[in-house]
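As structure tokens, the structure follows; a few thoughts come after it.
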Amino acid sequence: MKLSLLHDHSLPTGVLGLAITPDGSRVFAGCADGSLHLVQIDNGKKEIFEKKHDSYATGCVLLPDGRTVITAGYDGKLLWHDVESRRCTREVKAHEFWSWKLALSPDGKLVATTTGQYLPGGWKYEPSVEVEPSVKVFDTGTGKLIHSFTHTPPVLSCAFSPDGRHLAAANMMGEVRVWDLHAADAGKPIAQWTSPDFTSWGTTKSHHYSGGIYSLAFSPDGAVLAGCGMGPMGDPMAGNGKMTWQRWDWRKGERIDQIKDGQHGSGLMEALAWSPDGAHFLMAGRQAQGTWNAALFNAKEGSLVTSLDTKNRITHARFVADGKTLITSCVAGGGKPKDGKWPDSGRLQVFKVEA
């Protein structure tokens, strides 16, 4: 398979949240300045929404009716935006700290958000216990809080199963928890495990934990859960740990496989996306060392199929419903101010997926 660049559209600030229409013709981009933009893919035309977050807009989901976008931000708020009028119709204070990740249930009725600040809880610098529930689920129609789940903060990623019944969330320490939203005791995880391959303890320069599972994604058939991040390293500030993904039989909490030796570089992987047919999955992020920052893997064997270096930090990736197009959101690095103005640092890149 091959990925060929079709479009490269710029935005004023880095894109940290991404939602697309089913046909891939329009993209909703949550940006580092707190703004939400609607972008036409064919011509790059941009329209900004009225209401901004007070800090980074880190999450973005489009409801199935196509009329409402929900964004989350470092201000701990969820904002409901009307697509037609571009106005904010609801504001909910979800967290006292940042919203790290946002996920929408397949039927569009629930939205999950994760939070948590890393504060040392003891002399070993293990994370302190949470001061608020780290995982929350809201009704998208009313904004009402439906579930609050405990975890060890910070919780960096979450994902709904394809049937919408289960929610998975993972943290900085590589711990994954899965809840059954239909269970009588929904607050008790039905599966829970920890993978140390996503966490680093600094032995040079600074001594603390870093890393984590930055993205989770269930396979289209719901049988497998994948997670990605960065492998251990001695200097957490260097950002040059192993590009890492693992896949689990989530009902058993058992690892099925992981990225093969020799097929990875160094850097933090932040995005996972399964092709609609489940035959491949993509992992992407930022590169510290190596030859690629985005790669497709064969779902049957877990082997690398194709890769590319986009020269950007990829924050999210979405396949269009027919599987023939891939859209990524990015933060562009480098550049110097010209005439007192910094260059645009946001990117939306569209790739053709070819056999």
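Numbers below:
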| read-out | value |
| --- | --- |
| Matching residues in segment 184-214 - criterion: being surrounded by 17 or more Cβ atoms within 10 Å (Cβ to Cβ), of a type outside the set (A, V, I, L, M, F, W, C), over 20 Å from Arg251 (Cβ atoms) and within 23 Å of the chain's Cα centre (by Cα) | Asp197, Thr199, Ser200, Tyr209, Ser210, Gly211, Gly212, Tyr214 |
| Residue identified as closer than 19 Å to Thr315 by Cβ and in contact (Cβ under 8 Å) with a residue 60 or more places away in the chain among His7, His37, His53 | His7 |
| Test: residue in segment 290-299 that is under 17 Å from Gly14 (Cα atoms), in contact with a Ser or Thr (Cβ under 8 Å, 6 or more places away or on another chain) and β-branched (Val, Ile, Thr) | no |
| Test: residue in segment 81-94 that is crowded, with 20+ Cβ neighbours inside 10 Å, without any contact (Cβ under 8 Å) to a residue 60 or more places away in the chain and of a type in the set (Ser, Thr, Tyr) | no |
| Some residue of segment 239-249 being over 28 Å from Pro189 (Cβ atoms) and touching an Asp or Glu at 6+ places or on another chain (Cβ under 6 Å) | no |
| Cross-chain or 6+ apart pairs with Cβ under 7 Å, segment 222-239 first and under 30 Å from Arg165 (Cβ atoms), then in a loop (DSSP other than H, G, I, E, B) and among the small types (Gly, Ala, Ser) | Gly222/Ser161; Gly229/Gly212 |
| Residues that are surrounded by fewer than 16 Cβ atoms within 10 Å (Cβ to Cβ), assigned to a loop (DSSP other than H, G, I, E, B), touching a residue at least 12 places away in the same chain (Cβ under 8 Å) and of a type in the set (Gly, Ala, Ser), drawn from segment 138-183 | Gly141 |
| Hits in segment 25-45 (condition: part of a strand (DSSP E or B) and crowded, with 16+ Cβ neighbours inside 10 Å) | Arg26, Val27, Phe28, Ala29, Gly30, Cys31, Leu36, His37, Leu38, Val39 |
| Positions within segment 1-18 being crowded, with 16+ Cβ neighbours inside 10 Å, touching a Ser or Thr at 6+ places or on another chain (Cβ under 9 Å) and part of a strand (DSSP E or B), in sequence order | Leu3, Ser10, Leu11, Val15, Leu16, Gly17, Leu18 |
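Each reported figure results from applying straightforward, stated rules to the coordinates on display, with no laboratory input. What you are looking at is a predicted structure, and each value in this text was computed from that prediction instead of being measured. Reconstructed Cβ throughout: ideal geometry from the backbone, glycine too, with neighbour counts over all protein chains shown.
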